[in-house]
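Below is one structure, written out as structure tokens; the observations come after it.
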Amino acid sequence: MSLWIGVGAFIVAALLFLLIPPWRQKSALVGRRSAIRWPMVGLLGVLPALTVGLYLYLGAPGILKEQALTQAQSNYDVDGMVKALEGKLKATPNDPEGWYALGRAYIAFERYAEAEEALRKATTQAPKDAKIIAQYAEAMALRQGRLDGRPLELVLEALEISYEETKALELAGLAAFQKEKWAEALHYWRRLQKLLPKDTEHHEAIAQAVATAERKLDLSLGGTGMPLPPPPAAPKKAPH
């Protein structure tokens, strides 16, 4: 468990940039003017990080130690590792982290229906895991072509469990941005920015999103520099 959590933190930034292009296309469904010019990184830039994560999850970290990372990456069969993970989950299906890993891999290859199903299984087995719920929301939204509705409900559910869940904050900000709720988008993205390691691509992408939302908000206020509206209240956890 702890190993995969660490790996997840390692690959999340790279996967974010792969997922951004589909979101730029889907955002046209709620208004082309709302699209953010996110940085784009090609598939070749993402696969090495995804490969490392899958290799570690499948229990073969020794290969990473025995070879230079760049050389090892060129020898990795990512599709083969995805199939290996599929086989592992057929043998031991009661593995929410495994379904989570498989769902993220499917998303990386734009296999959204399969990603949604894998992550549905993960949430069924781990119904209180905020990161799994948020990732399930993203897979569902990518398949449906929209973030509102059930995907957004899942995002808010994840935030109720953990108001520091980075994927949920990212998607909540995106949903608000698409609806031109600039102050709300700023609230979520600024909170997310504080949680991300500095000097990373993920942090830089969110910083650019914050700057874009700030410009949009300033224009909506007529460039007056008026104070921001109050941010949305943090979700209240249900009493146990």
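The values are calculated or read from the model by the stated rules, or taken from the named source; none is laboratory data. Keep in mind that this is a model prediction, so the values were computed, not measured. Virtual Cβ from ideal backbone geometry, glycine too; neighbours counted across all protein chains shown. The area values use the complete protein model at the heavy-atom level, side chains included, leaving out ligands, DNA and RNA. Shrake-Rupley method; radii C 1.70, N 1.55, O 1.52, S 1.80 Å.
Select from segment 90-108 the residues that are touching a residue at least 24 places away in the same chain (Cβ under 8 Å) and of a type in the set (A, V, I, L, M, F, W, C) and list them in ascending order.
Result: Trp99, Ala101, Ala105, Ile107, Ala108.
Report every pair of residues separated by at least 6 positions or lying on different chains whose Cβ atoms are under 6 Å apart, first residue within segment 146-164 and acidic (Asp, Glu), second open to solvent by less than 70 Å² (accessible area, probe 1.4 Å).
Glu157/Ile133; Glu160/Pro235; Glu164/Leu195
Taking segment 193-210 as the search range and keeping residues that are open to solvent by 50 Å² or more (accessible area, probe 1.4 Å) and touching a residue at least 40 places away in the same chain (Cβ under 8 Å), which one is nearest to Trp182 (Cα to Cα)?
Selected residue: Gln208.
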